[in-house]
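Here is the structure we will look at, set down as structure tokens.
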Amino acid sequence: MKKVNKVMNKFKKNVILIIIIIAANVTNSNILFSENIYKFATLRHDCAPWDSRSIVLNLAPGGKNCDDITLPVMSFNFWRNLPAPFKQKGKSVKVYKLSNDNDNGSATICYASNNCKRAINATITFTEFSHSGKTSGKYEVQFKDETLKGTFKTDKWCDYKDICG
């Protein structure tokens with residue numbers, strides 16, 4: 001009987017441990033399950049708040065073209081030190097830090113046209129960048145209630161004609 005009690009106690013401890021692990025995963029599910037769901041990427045020119053040129057990288061779970069993107073959409077707006085073309089796969093060549101504390105740009109996520117939130121911090125690392133298309137890299141974005149990270153790759157440069165200045 002003692003042996004049965006020992007086995008049952010060990011079983012109970014293991015079940016409790018599994019429940020704790022599952023609860024921790026559910027609590028942090030926004031971090032665990034957000035890895036790389038934004039697989040569709042586009043690039044376009046835009047205007048910075050002070051009306052100079054900027055570049056926008058949009059990431060979404062899916063889409064067909066520049067005008068047909070699946071929500072939610074994560075947008076990175078680069079206002080200063082705009083990326084110049086380069087290709088150096090496998091190396092972190094250009095790193096951009098966007099935050100509420102600087103005016104290098106901004107990062108937002110929109111779940112609907114009137115339901116957006118701005119990131120606290122974002123780090124975007126380009127491993128390849130081209131104004132004619134092919135661009136790749138990785139991102140890590142911290143919002144008040146979640147952190148999103150993953151990789152992106154695109155050859156879609158949206159040809160919008162923005163007039164800034």
Give the accessible surface of region 103-165 per residue, rounded to a whole number of Å², with probe radius 1.4 Å and ligands, DNA and RNA excluded. 53
Could you tally up the Lys pairs in region 101-165 with alpha carbons closer than 21 Å? Skip any pair fewer than 8 positions apart unless they're on separate chains. 10
Virtual spin-label span in nm between L82 and S113, 7 Å along Cα→Cβ: 2.7
Ignoring ligands, DNA and RNA, what percent of the accessible area of region 67-165 is carbon or sulfur (1.4 Å)? 46
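The values are calculated or read from the model by the stated rules, or taken from the named source; none is laboratory data. Quick caveat: nothing in here was measured; it's all calculated off a predicted structure. Methodologically, a virtual Cβ is constructed for each residue, glycine included, from the backbone with ideal geometry; neighbour enumeration extends over all protein chains shown. With ligands, DNA and RNA removed, areas are computed over all heavy atoms of the protein, side chains included. Shrake-Rupley method; radii C 1.70, N 1.55, O 1.52, S 1.80 Å.
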